[in-house]
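Asker: My questions will all concern the structure given below.
The values are calculated or read from the model by the stated rules, or taken from the named source; none is laboratory data. Everything numeric in this text was worked out from a predicted model, so none of it was measured. For neighbour counting, all protein chains shown are included, and Cβ atoms are generated from backbone atoms with ideal geometry for every residue, glycine included. Note: accessible area is taken over every heavy atom of the protein model, side chains too, but ligands, DNA and RNA are not part of it. Shrake-Rupley method; radii C 1.70, N 1.55, O 1.52, S 1.80 Å.
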Amino acid sequence: MAETLLYQGVAVNPVNGLRMRLGHNIEALAAHKTLLPQDAQFQALDPDGTASFNVILPAEEASQGLFFIIKNTANAGSEDLVVLNDAADTVATLTQNMLCICFCDGTSWGTTGLVAYSAGT
C-alpha cells in the first residue's frame, strides 16, 4: 500500500484516503491557538505563565480521520489549555502535565480522555 506525500507534511493513503500529519510543534503561547488540518499532529503547548488559553480545533468537515495529541507543558502550574471545537464547545480541559488525544469523525471532535504525565517526559 503506497502513500502519497503532500505539502506541509501531510501523507494521504491512496487506498482509503486517510490523512496523517507528520511532526510536532513545541510552542510557548502568547494568545489562543487555532489549529489547521495540516498542522503538526503532536502539539506541546505552554501557556507561558501568563494565562489559560484556548486551543481551537479545525472544522469537522475538513478533519475527518485526523487526530491531535495536545500536551499542556505549563511550568507555573495554574494555566489551563481549554480545547474547543470550531463552535466553541469544550472538548477537553488540560491542566499542567496533562495531555489528550482529540480525534474527528467528520461530524464531531472527541477525546480518548485525559492522561497525566510526569514533567520532563
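Asker: The conditions are (1) open to solvent by less than 20 Å² (accessible area, probe 1.4 Å); (2) closer than 18 Å to residue 37 by Cα; (3) free of Cβ contacts under 8 Å to residues at least 24 places away in the same chain, and residue 104 fails exactly one of them. Which is it?
Answerer: (3)
Asker: Another one. If you scan the stretch 77-97, which residues turn out to be among the polar types (S, T, N, Q), modelled with pLDDT of 95 or more and part of a loop (DSSP other than H, G, I, E, B)?
Answerer: Hit for the stretch 77-97 is 85, nothing else.
Asker: How many of the residues in the stretch 38-55 are out of contact with any Lys or Arg (no Cβ under 9 Å at 6 or more places or on another chain) and either over 14 Å from residue 94 (Cβ atoms) or open to solvent by 30 Å² or more (accessible area, probe 1.4 Å) (or both)?
Answerer: Keep residues of the stretch 38-55 that are out of contact with any Lys or Arg (no Cβ under 9 Å at 6 or more places or on another chain), which gives 46-52.
Pick out the ones that are also either over 14 Å from residue 94 (Cβ atoms) or open to solvent by 30 Å² or more (accessible area, probe 1.4 Å) (or both) and you get 48-52.
Summing the residues that are out of contact with any Lys or Arg (no Cβ under 9 Å at 6 or more places or on another chain) and either over 14 Å from residue 94 (Cβ atoms) or open to solvent by 30 Å² or more (accessible area, probe 1.4 Å) (or both) in the stretch 38-55 gives 5.
Asker: On the given criteria, is residue 115 at pLDDT below 95 and not hydroxyl-bearing (Ser, Thr, Tyr)? First the steps, then the outcome.
Answerer: Numbers: at pLDDT below 95: yes; not hydroxyl-bearing (Ser, Thr, Tyr): yes.
So residue 115 passes the test.
Asker: Okay, moving on. Can you tell me how many residues in the stretch 98-121 are in a strand (DSSP E or B) and touching a Leu at 6+ places or on another chain (Cβ under 9 Å)? Steps first, please.
Answerer: Of the stretch 98-121, the ones in a strand (DSSP E or B) are 98-104, 109-116.
Filter once more, so that each one left must be touching a Leu at 6+ places or on another chain (Cβ under 9 Å): 98-100, 102-104, 109, 114-116.
Total satisfying the criteria: 10.
Asker: Mind listing whichever residues of the stretch 56-93 are open to solvent by 40 Å² or more (accessible area, probe 1.4 Å) and of a type in the set (Lys, Arg)?
Answerer: Selection gives nothing.
Asker: Can I ask one more? Given the structure, is residue 15 modelled with pLDDT of 90 or more and of a type in the set (Val, Ile, Thr)?
Answerer: no
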